[in-house]
Amino acid sequence: MTSFRAGVWAIALRKTVKAVPWGIAIAIAITTLIFQFSCLAPKPNKVRKGIPLVPVKNTGELFKKTKETNFVVESLRGVATISVSSAGEDFKVTEIILAKRPGFLRLESLGPLGQTILFLATNNKRIYIYSPMENRFYFGLASKKNLSMIIPLPFKSTDIVEIIQGKIDLSKYFPLKMSFDLQNEQYHLTLSPEDRSRGMAFLTVDARTFYTTEMKLYDRGNNLIIDGRFSKFRKVGKHIFPMKLKYRVPKNSVFVNIEINYDEIKLNTPIEESRFSMTPPRGVTEIDIDKAIINFDRTPVN
């Protein structure tokens, strides 16, 4: 899967600007390379200093205040720089992002000259990938396997839409316990899922604003599936939104590090569902990724 992603992006960039070295690029967003997280403990992710600490009486009150700031986004339009690094891949790309709950996602990846070099769309049932530089149109089921060919996250499209927002839907969890870290001015909130196919969630909440600054999600086997940190909170319309998102995702005994930096964003604006499906342009090579094996050079093998 990684080789397919590498090939699609490398050939697109090499055809655009010959001086651009061989690399890998994905369809989720972009401007600066992210280096692997240090094994040392990270510095506290403090948000604001100009307002007082807000004490809470119990776990239920903290959960309520956190839900008020961790609002559910129905739709998102944005331009972002996404950087990805791991032991086997290292790339960055600028993305135009359309996302709509529950699992509608469209990404347009821009090349060095601002032209679109890759399209991805999914309506939570099918996935469509169009590479103008290769003149190829890939299609198949919106499975975790097919999504991971372009987006290096082992999740369904419904989960990816939430991750792009830098939050989870707290209505799917209930609070278990809390603690207060006075030195770092943070609350720690432990959540249990209503859906038993999910695992526990652990949130770090700023004690002044109740913004969620860190998030760890586990599967039902208590294995870490994603570790996120959020910063650069900005008011967007009526809401506060983290413009910088950093994730660590375990993969094959190492971590994939993903950083999303939003440059522009609009929340809860109407997006037609037709934007999340695609038809192949005339004359392109069509490839069913559920029936083809993709070689390193992206040549389908029957």
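The values are calculated or read from the model by the stated rules, or taken from the named source; none is laboratory data. Keep in mind the model is a prediction, meaning the values are calculated, not measured. Backbone-built Cβ (ideal geometry, glycine too); neighbour counts: all protein chains shown.
Worth pointing out:
- Of the strands (runs of 3 or more DSSP E) lying entirely inside the stretch 92-195, those containing at least 2 residues that are more than 16 Å from the chain's Cα centre (by Cα) span 116-122, 126-131, 136-141, 173-181, 186-193.
- Of all residues in the stretch 267-291 being assigned to a loop (DSSP other than H, G, I, E, B) and of a type in the set (Gly, Ala, Ser), the one that is farthest from Leu76 (Cα to Cα): Gly283
- With respect to the conditions (1) at pLDDT below 75; (2) farther than 24 Å from Asp263 by Cα; (3) in a loop (DSSP other than H, G, I, E, B); (4) of a type in the set (Val, Ile, Thr), Val54 falls short on a single one, namely (1).
- Just one of the listed residues (Lys92, Lys65) is touching a residue at least 60 places away in the same chain (Cβ under 8 Å), charged (D, E, K, R) and crowded, with 20+ Cβ neighbours inside 10 Å, and it is Lys92.
- Pairing residues of the stretch 252-276 that are hydroxyl-bearing (Ser, Thr, Tyr) and at pLDDT 95 or above with residues that are outside any strand (DSSP E or B) and surrounded by 12 or more Cβ atoms within 10 Å (Cβ to Cβ), at Cβ distances under 8 Å and at least 6 apart in sequence or on separate chains, gives Tyr262/Ala29.
- For the residues Ala207, Ala142, the requirement of being modelled with pLDDT of 95 or more, in contact with a strand residue (DSSP E or B) (Cβ under 7 Å, 6 or more places away or on another chain) and not basic (Lys, Arg) singles out Ala207.
- Given (1) touching a helix residue (DSSP H, G or I) at 6+ places or on another chain (Cβ under 8 Å); (2) not in a loop (DSSP other than H, G, I, E, B), index of the condition Thr209 fails: (2)
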